[in-house]
Amino acid sequence: MSSSTTASRSLSRAGRRARGRSRGRSGSLPRHRGLIVGFLTLPIILYAVFVLSPYVQAIYISLTDWTGFARRLNFVGFENYTRVAHDDLFWTGLKHNLVMLAVLPVLTIGLGLFFASMLNIDRAGRGVRGSSAYKIVYFFPQVLPVAVIGVLWQFVYTPRSGLLNGLLGTHHAWLGSPDTALAAVLAVGVWSSVGFYVVLFSAAMGAIPQEIYEAVALDGAGRWRTFFQVTLPLLRDTVRVGLIYVSIGALDGFAIVQLMTVGPGGPDNATEVVGLTLYRRAFADGQFGYACAMGVVMLFMTLTLAVILQSRRREVGR
Amino acid sequence: MSPIDRRTLLLGLAGGTGLLLTGCAVPSGGRDSGSKAAPAVAGDDPKNPFGVKTSDRLDVVIFKGGFGDDYAKQVEETYKQAFPGAQVKHSGLQKLQETLQPRFVSGTPPDVIDNSGAAALNAVTLQKGGQLLDLKALLDAPSVDDPKVRVRDTLLPGVVESGTLGDTVASVNYAYTVTGFWYNQDLFEKNGWVYPKTWDELVALCAKIKASGIAPFTYQGKFPGYFLEPLMQMMAKTGGAETLAAVDNLEPGAWQSQPVADAVGAIEKLVKNGYILQGSEGLSHTEAQQAWVDGKAALIPCGSWLENEMKSTTPKGFRMAVGPTPAVTAQDKLPATAISASSSEGFIVPKDAKNTAGGLEFLRLLLSRSAASKFSELTGSMTTVKGAGANVTNSPALTSARKAVEAAGANTISFRFGGWYGDLYAAGSSAMGELLTGRVDAAEFMKRTQAAADKIAKDSNVVKYHR
């Protein structure tokens, strides 16, 4: 946090100087400052325009009754937030997001670590045979757009003749039953993202000096012990970053739910997520102000989560 | 993007801060011109009742979905012939919402919009915001085919009402959709099956169908709202039109009456007897309809767009036919021939449009008999124009739908709560999905829908309508 404020302070100073120079051609500024300003001005403006300003706008809209189409909007204070608090569908969605938050990070990071260690480490420091091919296979879902993933998995879950039912010899409607729908969606979430973490953790494992493993091997540590007492502690920072990514993703889940599920969000709201409720309120019902209030609530939840995970990282780092 | 957006963007860039951009997506409020002169209402010239000026460009946006947009292009040609030199801009779109939203906000909407499809603009919201032109002027204008007859009188019964919100005519629907149970005529003839007139006959038929190795029913599992249509049809028959009106008007206990119980109970019976294709609840609408085309199920609820929607995967010579829901009780208030017929494909004219006269004129031409017949020929669907397309015989589904409407006579059925109260429709669909999978029974279905209706009745944020 502090380093970024320093950076922005020095940047604004540099900006002032740059402007001064263009007027007076003093040329007293060190050369690299001009370079920094040149490289940073455009990205920061783009960031402000396309990332920050929508947030500011959303907060503003959330305090109004804007329909999304109207040319006028009325300020309604915190009325939208009161409505969010009493919206059953919002709470149902939030509950499912929290389930995802509890399950997705554990599964995705756990599987990612398992696969990455299988690919990278044996006693001699090499991965299993053909590990580079596996890496590509694991990463493959990352290359697919989420729309393709959704359609693909619908075929897998097709009630009678689908791949999954074929394998299990059942006739179950995986997405059509409230008991299995959310789990079916979660499985797709894990499948589609685990490859990224395999690659991420593989890279981090590759950076661990080989000597450490040699020393550990000489001391007679087994694979499990090596993993839990050497590899994992050295990967801690990378794992934390991964956790933040997955957790933020778990608070979203909109795309897959919208693409795959009954309703969508069903059956019987079994897969409703906040993003879907928000989308419906904004686009189907013309209640942008209300939808923005939901969005702002989610923004602060996500920020809080990220801050909690970040601060824990710093403690551990110390 | 509109010029205003671009200008604010440049402003923001010059200022080096994003905060100035707060005006980008949100209206700034003061720009609203407010009192825009209404177009010349129904003048004397039957050739140009709205006073279209050739110099004004016409901007048409058509939802390019199941019906395509070729029919509209033909009308645009007619428009150009009527007003030589007039420029027409045509856009065939699917994502109306995201394309048109910035245009509405910046006050430069198109002159006429075919507001349909999954991403249609919320007409209730637009109407509430005073952003739609009242189409009464169009309805009272002389029709193209006979200047002595007003456009209003060339439309099928119920069409004007279905586009009316409060006391304004917000939209005019163009497609006429018949909804019932669809069956394959050849399959029925081959097996000696006859489309049933009473529910008991239907249940007996289902037993026969099941014995032959085919599932009697399937439905669009992921969108169980499809089965609300037959339910409404059955409710109207068991209890009369007032049963549906009570539901639409959110009357207390509307979902708990005996006629509703009879209708819901009849559907529950199909489920209990195992007459629904196993796994239907996991199928999308096209997957379910394909299962029906492939002969895995004998009956499916759907609207008359079915043939066009399944065109590419239906074998040649496949003869689809629609039937009304059979009579549930012996004392049904409406005859068994009564059928759900509603109009869709609603056209709107935005109030802020530059050339509203042109927009109205486009609709007047669209509602001519020749344009309507062309629509039926191109899409295999009926239009809301009386008697149009009677000569079109290239579609078995269209012929069957037309016959069904003729048989129904004055007894056509439609409900309104789906368009008025999105949340009630969603709750009804969800409950229907549970009913059709047997996870809830008829009583629980009625309890849930009643609770959803009561909630909306109490919600002061929802604008209420009445029929």
query = Just for the stretch B:38-197, what percent of DSSP beta bridges are antiparallel, to the closest 5?
reply = 25 percent
inquiry  = Cα atoms only: what Rg and Dmax, in Å, come out for the stretch A:188-318?
reply    = 20.5, 68
query = Given a Förster radius of 45 Å and the C-beta distance between A:VAL241 and B:GLN87 as r, what FRET efficiency does 1/(1 + (r/R0)^6) yield to the nearest 0.05?
reply = 0.20
query = If R0 is 41 Å, what FRET efficiency do you get for B:THR99 and B:LYS458 from their C-beta distance, rounded to 0.05?
reply = 0.70
query = What is the calculated FRET efficiency for B:SER55 to B:ASP146, with r their C-beta to C-beta distance and R₀ = 22 Å, to the nearest 0.05?
reply = 0.15
query = Along the Cα-to-C-beta direction of B:LYS190, a point sits 7 Å from the Cα; which residues of the stretch B:276-305 have their amide N less than 16 Å from that point?
reply = B:291-299
ask   = Which cross-chain or sequence-distant (5 or more) residues have an amide H under 5 Å from the amide H of B:ILE62, H modelled 1.01 Å from N in plane?
value = B:SER91, B:GLY92, B:LEU93, B:ASP114
ask   = Of B:LYS89/B:LYS354; B:LYS222/B:LYS458; B:LYS269/B:LYS403; A:LYS95/B:LYS447; B:LYS80/B:LYS386, which ones are farther than 18 Å apart at the Cα?
value = B:LYS222/B:LYS458; B:LYS269/B:LYS403; A:LYS95/B:LYS447; B:LYS80/B:LYS386
query = Taking the Cβ of B:THR125 as the center, what net charge do the other residues with Cβ under 12 Å away carry, scoring Lys and Arg +1 and Asp and Glu -1?
reply = 0
ask   = Ranked from highest to lowest mean number of other Cβ atoms within 10 Å per residue, what is the order of the peptides B:63-74, B:133-144?
value = B:133-144, B:63-74
Total charge dipole magnitude, chain B, about the Cα centre, Cβ charges on Lys, Arg, Asp, Glu only, Debye to nearest 20 = 440 debye
message = Angle check, please: helix B:96-105 long axis (alpha carbons) against the longest principal axis of chain B (alpha carbons), in degrees 0 to 90, nearest 10.
response = 30 degrees
Cα-projected label distance for B:ASP200 with B:LYS296, points at 7 Å along beta-carbon direction, nm = 3.4 nm
message = Could you derive backbone 3J(HN,Hα) for the stretch B:202-208 from the dihedral phi with the Karplus parameters 6.51, -1.76 and 1.60 (θ = phi - 60°), listing whole Hz in sequence and x where the residue is Gly or Pro?
response = 4, 4, 5, 5, 4, 4, 5
remark   = Applied in sequence order to the stretch B:312-319, the curve 6.51 cos²θ - 1.76 cosθ + 1.60 (Karplus, θ = phi - 60°) yields integer Hz couplings, x standing for Gly and Pro, of 6, 10, 9, x, 4, x, 5, 9
ask   = Tell me, what is the 1.4 Å probe accessible area of A:VAL146, in Å² to the nearest 10?
value = 60 Å²
task = Two decimals is fine: what is log10 I(q)/I(0) at q = 0.10, 0.16 Å⁻¹ for the stretch B:298-413, from a Debye sum with one equal scatterer on every Cα and no solvent?
result = -0.40, -0.86
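Using Cα-Cα distances under 8 Å and only pairs 6 or more residues apart, what relative contact order does the stretch B:341-462 have, in percent?
In percent, rounded to a whole number, it is 16.
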key: Cubic angstrom per residue, convex hull over Cα atoms of the protein assembly as shown   = 205 Å³
key: Contour minus Cα-Cα distance for A:ALA85 and A:GLU214 (0.36 nm per residue)   = 40.7 nm
task = Output the direction-averaged projected area (hull surface divided by four) of the convex hull of the alpha-carbon atoms of the stretch B:205-359, in nm².
result = 13.2 nm²
request  = Quantify how much of the Cα-Cα distance distribution of the stretch A:166-228 extends past 14 Å, in percent.
outcome  = 74 percent
key: Residue order for B:LYS464, B:LYS296 - accessible surface, 1.4 angstrom probe, largest first   = B:LYS296, B:LYS464
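Suppose we keep just the DSSP beta bridges with both residues in the protein assembly as shown; what percent of those would be antiparallel, to 5? Don't skip to the end; give the middle numbers.
Numbers: 26 of 40 bridges.
Percent antiparallel among DSSP bridges in the protein assembly as shown is about 65.
Looking at chain B, send over the antiparallel percent of its DSSP beta bridges, to the nearest 5.
65 percent
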message = Please report the equivalent ellipsoid semi-axes of chain A, computed as sqrt(5 x eigenvalue) of the Cα gyration tensor, largest first, in whole Å.
response = 38, 36, 17
message = Spelling out what I want: for every residue of the stretch B:373-387, take phi, set θ = phi - 60°, compute 6.51 cos²θ - 1.76 cosθ + 1.60 (Karplus), and round to whole Hz; glycine and proline get x.
response = 5, 4, 4, 4, 5, 6, 10, x, 10, 6, 10, 7, 8, 4, x
log10 of Debye I(q)/I(0), alpha-carbon scatterers only, for the stretch B:56-156 at 0.19 Å⁻¹ = -1.17
task = Provide the gained length on full extension for the span A:THR180 to A:LEU40, in nm with one decimal, where the gain is 0.36 nm per separating residue minus the Cα-Cα distance.
result = 45.5 nm
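Return the calculated 222 nm mean residue ellipticity for the protein assembly as shown, to the nearest 500 deg cm²/dmol, obtained by summing -39500 (n - 2.57) across DSSP H runs with n ≥ 4 and dividing by the residue count.
On the way: 34 runs with 410 residues, N = 785.
Value at 222 nm, helices only: -16000 deg cm²/dmol.
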remark   = With a 31 Å threshold on alpha-carbon distance, the violating pairs from B:LYS64/B:LYS272; B:LYS197/B:LYS455; B:LYS237/B:LYS455 are B:LYS64/B:LYS272; B:LYS197/B:LYS455
inquiry  = On the Cα set of chain B, report Rg and Dmax in Å, please.
reply    = 23.7, 78
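The values are calculated or read from the model by the stated rules, or taken from the named source; none is laboratory data. This one's a predicted model, so the numbers in the text were calculated from it and none came from an experiment. Counting neighbours? That spans all protein chains shown, and the Cβs are built from the backbone with ideal geometry, glycine included. Areas reflect the complete protein model, heavy atoms only, side chains present, ligands, DNA and RNA absent. Shrake-Rupley method; radii C 1.70, N 1.55, O 1.52, S 1.80 Å.
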